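Written out below as structure tokens is the structure these notes cover.
Bear in mind that the values in this text are calculations on the coordinates, not laboratory data. As the structure is a prediction and not an experimental result, all values here were calculated from the model. We place every Cβ from the backbone using ideal geometry, glycine too, and count neighbours over all the protein chains shown.
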Amino acid sequence: MGLTKKERTLQIIGWLRKVHPPPLPVRVIFRPICVGKHWTKSHDGTTSRKGRTIWIIIDGRLKTYSMIETALHEWAHAMTWRHEALEKKGYHPDHGDEWALAYGRVYRHYHDQGGREESKKVRLRRRRKR
Ligand SMILES: [Zn+2]
């Protein structure tokens, strides 16, 4: 039986935790992204921090491909989330050089260096019924 798109995305997140560890624990939730006062359009995902946890929110309505791409994109934010940025109130950090390098690593590992297959071996901790 195949995984749901959310289960597959969580499997990839589990793989990312091992191969591209973040500076703080990362939790992932799926829900539509609210349009905040700084945004003029909706987002597919956001990365933010509360306390010692980085939260990645991914729009659960996305199709599988977009959901996975969003997870890779947001993971690069989590990987490069520096302390200064943690103290700011903004919920969506810049796409600077550091982010771009992290994203490039994650993207290449997943798409070009076997990550897609590697990640399929990751066991999900919990599985929910649809
Ligand atoms: Zn971003």
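Some observations on this one:
- Each peptide in 107-119, 53-65, 7-19 gets a packing score, the mean of other Cβ atoms within 10 Å over its residues, and the list from highest to lowest is 7-19, 53-65, 107-119.
- Partners of Lys50 within straight-line reach, counting aspartates and glutamates whose Cα lies under 13 Å from its Cα and excluding those fewer than 8 residues away in the same chain: Glu87.
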